[in-house]
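Have a look at the structure below, then the notes.
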Amino acid sequence: MAVTTTTTTTAAYSLICSATLTPPRTPKLNNTTTTLFSSNKSLILFPQLNTLKRTNKFHFSITTKPFNKPFITFPCLDSFFILCTSLALSMSLFLIDIDAASAFAVTPARKLQSDELATVQLFQQNTPSVVYITNLAVRQDAFTLDVLEVPQGSGSGFVWDKDGHVVTNYHVIRNASDLRVTLADQSTFEARVVGFDQDKDVAVLRIDAPADKLRPLPVGVSADLLVGQKVYAIGNPFGLDHTLTTGVISGLRREISSAATGRPIQDVIQTDAAINPGNSGGPLLDSSGNLIGINTAIYSPSGASSGVGFSIPVDTVGGIVDQLVKFGKVTRPILGIKFAPDQSVEQLGVSGVLVLDAPANGPAGKAGLQPTKRDGYGRLILGDIITSVNGKKVTNGSDLYRILDQCKVGEQVMVEVLRGDQKEKIPVVLEPKADET
């Protein structure tokens, strides 16, 4: 007859109960219970044998308690029970299934923490907006004289709108004869340059891609950023496909120089998120997935990521992109001068910007600023030294650029200069660059 149990207390107990046992013939001591006595003063209670015949299975329990009354002993019962137990253990090795075994060793499923899930979701949602840009240049083979397009650089960018505008760094596309943009689904499109701003290292491209393939990034705000908040950089470093690096904002209001013109870029975001060659032009995102900057440069003597990266803030980028999309150019005011390096002025023991040249057809030349020149004997005569503009002190070229960035084309500014030993104030009407008219 088959012996089964409804509850188990130990693994061995379960295995024993899964075997097929035939209890030995036992004396009947009462009408309700068949009692078997062992020599160790423990009693084993079985249900009535009549019930066993009707149901073909029974439930039993094991209890131990002292027994001081005379009892019947069966010397062979212990040996028989041990033999049955051994047989049950042996048979269980073949009869037990995987589900039963797994009940004794359950490995919980690996779960991600909430911050990990947020990072994974951010990467999955924003990766379709990041593109890979290949810069191709025309080269002529020295032996065959064939004209070939040779990749001379690569970088990252991101989709700005559904019209196919893509934003990247200017130094990514500089000197390119042909540009190709690869989307996240590996589809590649020819790109044309809409416009660029060398001074701020921003460029806008356009591709003729279906609207359903374009996923613009949500534009955030960079004015309220705080040091210590988490940021995420997505790009294609070293040509690798879509790579995510994380970090925090490690500094604000930094200043770097444009890779193309050397003009300073103010209010730059500093981050410790790894930015390597190929990350240039890629987006810097906040924890909500909003665009807060364009990854543009790293500070590294060796050329590898040193944990100090810089991103142009989105508040600066937004205005530039809007002008480039609408007009194809950025109208930034200039004084129309060439000035000496800051070190040269420091050697003279003065503070300000020394005017080397002021073309007569430029704003400063029209206003009467004096350039540096030589007299009939070859002696150097210093030109005007600009010390302030609109009452704001000018100590070097970066100060002058910073002040002009806050002005508009056509605006009149008051330029204070040191001419010889005298200070003079000269009104100058600002004009756009000659190549941007």
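With +1 assigned to the C-beta of every Lys and Arg and -1 to the C-beta of every Asp and Glu, and no other charges, what is the dipole magnitude of the range 152-256 about the Cα centre in debye, to the nearest 20?
Numbers: 11 positive and 13 negative charges, 42 e Å.
The calculation lands at about 200 debye.
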Report task. Scan around A297 for amide H atoms under 5 Å from its own, H built in the peptide plane at 1.01 Å from N, and keep only partners 5 or more places away or cross-chain. Result -> F310
Report task. Convert each backbone phi in the range 254-260 into a coupling constant with the Karplus relation 6.51 cos²θ - 1.76 cosθ + 1.60 (shift: θ = phi - 60°), then list the ³J(HN,Hα) values in order as whole Hz, x for Gly and Pro. Result -> 7, 10, 10, 9, 5, 5, 8
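Output the relative contact order of the range 124-327, whole-number percent, from Cα pairs under 8 angstrom with separation of 6+ residues.
On the way: 551 pairs, mean separation 41.1, N = 204.
So the answer I get is 20 percent.
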Report summary line: Set K200/K329; K329/K366; K200/K326; K366/K425, cut-off 21 Å on Cα-Cα distance; pairs above it are K329/K366
Query raised in the report: What percent of all Cα-Cα pairs in the range 124-327 falls in each 10 Å bin, counting up from 0?
Result: 9, 38, 37, 13, 3, 0
**Report entry** Distance between modelled label sites at D161 and A118, nm, 7 Å Cα→Cβ extension
**Finding:** 3.2
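Values in this text are rule-based calculations from the coordinates and carry no lab data. Computed from a predicted model, the values in this text were never measured in an experiment. With ideal geometry, Cβ positions are generated from the backbone for all residues, glycine too; neighbour counts draw on all protein chains shown.
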